[in-house]
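Notes for the one structure printed next.
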Amino acid sequence: MQTMMVQTKIDFKRAYWRNPRFVIFSLLMPIAFYLLFTKVMKQSVMNAAFNRQYMVSMATYSLVLNNTFTLSTLLYNDARDGLVSLIDLSPTSHRTYYGAKLLNLGLINALTIGVIFIVAGISNQIHLVWSSWLLTAGWLWFASIPLCLIGISISFLTDENQIQLVSSLLAFPLAILGGLWWPTEIMPKTARVIGKHLPVYPINHIGQALIAHQPAHLGEYGITLLWAGLLLAIVVYLNHHKRGAMHA
């Protein structure tokens, strides 16, 4: 346990604390979008309900960026620099290494959700009971598992430029079709249907339902679980394929 905590601390400083890209893209960008749409470009129709809903959307957007861009790049860099292979020659086990990665990711996801909620709550005087804050934040944190698996899948690519390209091609369409930037109701019917069956839409929509004390459709929970299972199978396959190629 002590070894894992030391590894977690080292990874946190290297991957997040000293990484300006994480701060800018995964944290400051969603906050800037939130303040832009709720303060600078505020319209009469943008009421307290909109401020709450957009807070959840930008927290979800932060998770999308953190898991697709930051996590995938971090794992790829570790493999490229030989850090994963070096573990075989050190007292640190692979279990400790990956355990530290998952612990760090969980902490960072919780941190980004908390920071965005605090900024939104202070800037727009959002007042909710503690149970609403905790339930919504807890759901977003737990439902980030499919996004984490997307990031892990991307990290199996063999070139950093490919990782950045694929991350962009996945993250931004997922955000748009998931209704994070504007309501899905204004999209064409085909785009709405596709978006509602992608992993980001149910994560965001359930979070908005929780914060508004409204029931969420059970089917949306099912879509999230199905995506988690499918993406986990993809990660297992890619890892098996990579190990097979290494020993070929």
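The values are calculated or read from the model by the stated rules, or taken from the named source; none is laboratory data. These numbers come from a predicted model, not from an experiment. Note that we place each Cβ from the backbone using ideal geometry, even for glycine, and neighbour counts take in every protein chain shown. Calculation scope for accessible area: heavy atoms of the full protein, side chains included, ligands and nucleic acids excluded. Shrake-Rupley method; radii C 1.70, N 1.55, O 1.52, S 1.80 Å.
Name the longest site-free stretch of the chain, where the excluded sites are trypsin sites (Lys or Arg not before Pro) in a DSSP loop with no more than 16 other beta-carbon atoms within 10 Å.
On the way: sites that count: ARG18, LYS42.
Answer - 43-248.
Please check: in the Gaussian network model of the chain (C-alpha springs, under 10 Å), which one of VAL64, VAL193, VAL119 has the largest mean-square fluctuation.
Its mean-square fluctuation being the largest, the pick is VAL193.
Let's test the formula: R0 of 35 Å, r as the Cβ-Cβ distance of ILE176 and LEU103. What FRET efficiency results, to the nearest 0.05?
After rounding, the FRET efficiency stands at 0.65.
Roughly how large, in nm² to one decimal, is the mean projection of the convex hull of the alpha-carbon atoms in the stretch 121-209? Kindly include the intermediate steps, with their values, before the conclusion.
Working: hull surface 29.8 nm².
Result: 7.4 nm².
Which of ILE150, ILE108, ILE186 moves the most in a Gaussian network model of the chain with Cα springs under 10 Å?
Fluctuation is largest for ILE186.
On C-alpha positions alone, give me the angle between the axis of helix 160-177 and the longest principal axis of the chain, in degrees, nearest 10.
Once rounded, one gets 20 degrees.
Size of the stretch 177-248 along its principal axes in angstrom, Cα-based, largest extent first?
Dimensions of the stretch 177-248 along the principal axes of its Cα atoms: 53, 27, 18 Å.
Compute the angle between helix 218-246 and the longest alpha-carbon principal axis of the chain, please, reported from 0 to 90 degrees and rounded to the nearest 10.
So the helix axis and the longest Cα principal axis differ by about 20 degrees.
Considering the chain as a Gaussian network with a 10 Å cut-off on Cα pairs, which listed residue, ALA175, ALA228, ALA209, attains the greatest mean-square fluctuation?
ALA209
Using a 1.4 angstrom probe on the protein heavy atoms only, line up GLU185, GLU220 by accessible area, largest first. Numbers along the way, then the final one.
Working: GLU185 130, GLU220 20 Å².
Listed by decreasing accessible area, they come as GLU185, GLU220.
Leaving out ligands, DNA and RNA, what percent of the accessible area of the chain is carbon and sulfur, probe 1.4 Å? Walk me through the intermediate numbers first.
Values: 9390 of 13390 Å².
Roughly 70 percent of what the probe reaches on the chain is carbon or sulfur.
Let me have the relative contact order for the chain, percent, based on Cα pairs under 8 Å that are six or more residues apart. Display every interim value, and only then the final one.
Working: 253 pairs, mean separation 61.6, N = 248.
Rounded, it is 25 percent for the chain.
FRET efficiency for ASP159 and GLU185, Cβ-Cβ distance as r, R0 = 41 Å, nearest 0.05? Don't skip to the answer; put the middle values down first.
Working: r = 39 Å, r/R0 = 0.95.
After rounding, the FRET efficiency stands at 0.60.
With every protein chain kept in place and ligands, DNA and RNA left out, what is the accessible area per residue of the chain? Probe 1.4 Å, answer in Å².
On the way: 13390 Å² over 248 residues.
That works out to 54 Å² for each residue.
With only Lys, Arg, Asp and Glu charged, each at its Cβ (+1 for the first two, -1 for the last two), find how big the charge dipole of the chain is about the Cα centre; round to the nearest 20 debye. Write out the running numbers ahead of the final one.
Working: 16 positive and 8 negative charges, 50 e Å.
So the dipole magnitude of the chain works out to roughly 240 debye.
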